[in-house]
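Notes for the one structure printed next.
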Amino acid sequence: MDELLLTRQPVFDTRLQVVGYLLEHHFIAGMDNATTAGNHQSQITALIETGLEYLTAEHRIFIATTHADIEWLMELCAPHPQLGIALEYSPDLDPEASYLARLSAQRGINLALLKFPYTPSLFPLFLQAEIVIIPGGTTSPSELGAWLQRLQGYPARGCASGLDTQADFDAAKQAGFELFQGQFLSHSDSWSNRKIPPSLMAPLALLAQLQNPEIAVKDIEDLVKADAALSYRVLRWVNSAYYGIEIEIESISHAIVYLGVDQLRNWLGLMALSGLKPISAELLDMAAIRARMAEVLAPLLGLNPGKAFTLGLFSLLDAIIQAPIREILVSLPLSKDLKAALEEGTGPYARLLSLIKNYEQGHWSQVVNTPVPAAQLGEAYLQAIEWTNAHRLSDTPR
């Protein structure tokens, strides 16, 4: 059977808050080396019917597709106001533009246009679209401005995509764009020489305490009890529906008994990370997804799951703190192999992190020929999103 791989790419507004996601997907042929349209449709349909809530995280999500799949996807999306379609341009769309625009309007489809040229034959789709996604990273500032001028006569908003650096983002914002997509949040070009702000030393100290291999269970319990707000959040978390514990957990010591010290330490690490006040809350979600995905995949590669969780959680520390990773790690008692992975990109944990990053960014050719089966990669990613949603701090602004 074909294997479905998918990843979601966030779309940000000018305040770097997420306004939606682009859902990219890829199919790998099964053992008979054949893929079928029926398999594709049934797998995507099943995913939407069972996993829509945790995939969207209360945001709108646009499923990337081509002309060949748009009609059945319209049927799938029509009952779900949070779903939309991101239609990628191909020349065979030109004669079908008017028909597809009418169909989209009749079914109330949220439509985004991806890599579309500005030609008269496609104007009906521009009139129907909610978002027009424009490759910003490879487009000159003058051309970016020209695109916004063209869109002034349409209801669609322009989204600059492929923004891989802070300079790309700044250029798109200066041109007048209000929606943005790309890896610019995690690119180190804008903070390579910065120092750690003094205001962030306290949450970093908590992270350091949690990573101390000598810390005892009693020390963790006392650490939580000393902070009333932290104690409340831990008990709220452990009594959530995600864990399905039938009796109410009323103390930190009981929480440790039921969950184990490793799970509690992981959540406290996520909690400490949120105290670093990143420029976008999406960075916290990305770090949490990487951490959980690494934890799930680690045994398949003969790696320690606890260390793998820490690897993923800390993989965006530089972007969250806006300071060089080498300077940050000086204050954290990490093992040599984790420091090598995070600072130098070397060793087995670095290979795990590279696999996760390639999956996250939809570099499918880089993830299909790895020791981890494609099906388990996809499952680990979806599990990680579900885990992140369950453990997200409700008072963290998004």
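Of the residues making up the stretch 335-381, those that are touching a strand residue (DSSP E or B) at 6+ places or on another chain (Cβ under 8 Å) and either hydrophobic (A, V, I, L, M, F, W, C) or in a helix (DSSP H, G or I) (or both) are TYR359, GLU360, TRP364, VAL367, VAL368, ALA374, ALA375, LEU377, GLY378, TYR381. Might you check whether a residue that is polar (S, T, N, Q), free of Cβ contacts under 8 Å to residues at least 60 places away in the same chain and part of a loop (DSSP other than H, G, I, E, B) occurs anywhere in the stretch 148-161? There is at least one residue in the stretch 148-161 that is polar (S, T, N, Q), free of Cβ contacts under 8 Å to residues at least 60 places away in the same chain and part of a loop (DSSP other than H, G, I, E, B).
Against the numbered list (1) farther than 18 Å from GLN383 by Cβ; (2) at pLDDT below 95; (3) of a type in the set (Gly, Ala, Ser), ALA350 comes up short only at (2). Screening ILE356 against (1) closer than 26 Å to LYS195 by Cβ; (2) crowded, with 21+ Cβ neighbours inside 10 Å; (3) β-branched (Val, Ile, Thr) leaves a single unmet condition, (1).
Screening the stretch 145-163 for residues that are over 13 Å from PHE116 (Cα atoms) and more than 26 Å from the chain's Cα centre (by Cα) and picking the one that is surrounded by the most Cβ atoms within 10 Å (Cβ to Cβ) gives LEU148. Residues in the stretch 39-58 that are surrounded by fewer than 16 Cβ atoms within 10 Å (Cβ to Cβ) and either at pLDDT 80 or above or among the acidic types (Asp, Glu) (or both): GLN41, SER42, THR45, ALA46, GLU49, GLU53, GLU58. All conditions but one from (1) surrounded by 15 or more Cβ atoms within 10 Å (Cβ to Cβ); (2) aliphatic (A, V, I, L, M); (3) not assigned by TED's automatic domain parsing to the domain that holds TYR89 apply to ALA216; the one that does not is (1).
With respect to GLU250, is the statement that it is surrounded by fewer than 18 Cβ atoms within 10 Å (Cβ to Cβ) and modelled with pLDDT under 80 true? Reasoning before the result, please.
Numbers: surrounded by fewer than 18 Cβ atoms within 10 Å (Cβ to Cβ): yes; modelled with pLDDT under 80: no.
So GLU250 fails the test.
Taken over the stretch 168-196, the residue count meeting the criterion of being under 22 Å from MET286 (Cα atoms) and of a type outside the set (D, E, K, R) is 15. Restricting attention to the stretch 83-116, the residues that are surrounded by fewer than 17 Cβ atoms within 10 Å (Cβ to Cβ), outside any helix (DSSP H, G or I) and among the polar types (S, T, N, Q) total 1. In the stretch 209-225, what residues are out of contact with any helix residue (DSSP H, G or I) (no Cβ under 7 Å at 6 or more places or on another chain) and modelled with pLDDT of 80 or more? Selection gives ALA216, LYS218, ASP219, ASP222.
The set of residues from the stretch 119-140 being assigned to a loop (DSSP other than H, G, I, E, B) and closer than 16 Å to ARG157 by Cβ comprises ALA129, GLU130, GLY136. Could you check, for the stretch 148-170, whether at least one of its residues is closer than 20 Å to ALA64 by Cβ, aliphatic (A, V, I, L, M), touching a Leu at 6+ places or on another chain (Cβ under 7 Å) and at pLDDT 95 or above? Yes - at least one qualifying residue is present in the stretch 148-170.
Only one entry of LEU259, LEU284, LEU334, LEU268 meets the criterion of being under 22 Å from the mean Cα position of the chain (by Cα) and at pLDDT below 90, and that entry is LEU268.
The values are calculated or read from the model by the stated rules, or taken from the named source; none is laboratory data. Just so you know, these numbers come straight off a predicted model, no measurement behind them. Ideal geometry is used to build each Cβ from the backbone, glycine not excepted, and the neighbour counts take in all protein chains shown.
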